[in-house]
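This report concerns only the one structure given below.
The values are calculated or read from the model by the stated rules, or taken from the named source; none is laboratory data. All values reported here derive from a predicted model rather than from experimental measurement. When we count neighbours, we look across all protein chains shown, and the Cβ atoms used for this are built from the backbone with ideal geometry, even at glycine.
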Amino acid sequence: LAGSQTTSADTRSDIDLYVYITSEIQRDERIKVATQNAFHAEVINEYWESGDEWIDDVSGIQVDVIVRHVGWIEEQLDRVLKYHQASVGYSTCFWYNVLHSTALFDRNGWYAVLQASADQPYPPQLQATIIAKNHPILRDALSSYVHQLESAVGRGDLVSINHRAAALLASYFDILFAVNRLPHPGEKRLVEFALKHCEKLPTNMADQINALIAALPQANTNTLECANNLIDELDELLRTQGVLG
């Protein structure tokens, strides 16, 4: 069990269940489980990870079941904890997911071992690689998000502006959580999470993020100014922490 049900669940929280397998579960078995007590069910959705979803008859709560191979999740943890490999945004989400899940059934103790292996200090090398991968594309590289925002603003292209701003924020938070040596919690309530858990924050972070989002429909120089202000304060934090020259 993972997601909001293990942390700050509210009346709108789904139930996120992760099933770890060593061999494929037959389609008929997945249909049987999904439809047993549901008034609407979808089976073997492959949009992101393989999953089944249904709405519970009694409670009306949506249940999301994500099916993962044990070898795959082990590789995801090794990628960050052993090899210190970064992604463009969301680098350590699977690590956070494993750490903050509650085992409901663990036949051979495999998950307990996996979770114990994940319960370790944040590797300094991982922090460095996440910053190195995500910081240049904020505005330094030729293909940076700010440069792409400039082009999109020039075209008056609201869809592209929204897309680039979302990507900018994804890398921004990846860097911020790396600076604080915290695994990335995913895509929900990021400002709230950062304010609660990050000891090191850019000045006026929440206000600046809100200002950027509010400025997106304007598609003008104010949009770019808000993006640059956000990055300026992040850069100042990185300099004070000695991780940016």
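Things worth noting here:
- In region 74-99, the residues that are touching a residue at least 12 places away in the same chain (Cβ under 8 Å) reach residues that are outside any loop (DSSP other than H, G, I, E, B) and of a type in the set (Ser, Thr, Tyr) with C-beta atoms within less than 6 angstrom, at least six apart or across chains, in these pairs: His84/Thr129; Ala86/Thr129; Gly89/Ser171.
- Restricting attention to region 143-163, the residues being more than 25 Å from the chain's Cα centre (by Cα) and polar (S, T, N, Q) number 1.
- In the set (1) within 29 Å of Ala152 (Cα to Cα); (2) crowded, with 17+ Cβ neighbours inside 10 Å, Pro185 fails one condition alone, (1).
- Taken together, the residues in region 206-227 that are part of a helix (DSSP H, G or I) and surrounded by fewer than 16 Cβ atoms within 10 Å (Cβ to Cβ) amount to 10.
- When the helices (runs of 4 or more DSSP H) confined to region 106-203 are screened for residues that are without any contact (Cβ under 8 Å) to a residue 24 or more places away in the chain, among the aliphatic types (A, V, I, L, M) and touching a Phe, Trp or Tyr at 6+ places or on another chain (Cβ under 9 Å), those reaching at least 2 such residues are found at 190-197.
Yes/no matrix, rows are residues, columns are (1) within 30 Å of Asn134 (Cα to Cα); (2) part of a loop (DSSP other than H, G, I, E, B); (3) assigned by TED's automatic domain parsing to the domain that holds Leu182:
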{"residue": "Leu17", "(1), (2), (3)": "no, no, no"}
{"residue": "Asp28", "(1), (2), (3)": "no, no, no"}
{"residue": "Tyr47", "(1), (2), (3)": "yes, yes, no"}
{"residue": "Trp54", "(1), (2), (3)": "no, no, no"}
{"residue": "Val67", "(1), (2), (3)": "yes, no, no"}
{"residue": "Glu74", "(1), (2), (3)": "yes, no, no"}
{"residue": "Gly89", "(1), (2), (3)": "yes, yes, no"}
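- Tyr20 surrounded by 13 or more Cβ atoms within 10 Å (Cβ to Cβ) and in contact with a Pro (Cβ under 8 Å, 6 or more places away or on another chain): no
- Test: residue in region 95-117 that is at positive phi, of a type in the set (Gly, Ala, Ser) and out of contact with any strand residue (DSSP E or B) (no Cβ under 8 Å at 6 or more places or on another chain): yes
- Candidate set from region 91-102 (those that are surrounded by 14 or more Cβ atoms within 10 Å (Cβ to Cβ) and assigned to a loop (DSSP other than H, G, I, E, B)); member that is farthest from the chain's Cα centre (by Cα): Ser101
- Of the residues Leu176, Leu158, the single one that is in contact with a Pro (Cβ under 9 Å, 6 or more places away or on another chain), of a type in the set (A, V, I, L, M, F, W, C) and farther than 20 Å from Tyr90 by Cα is Leu158.
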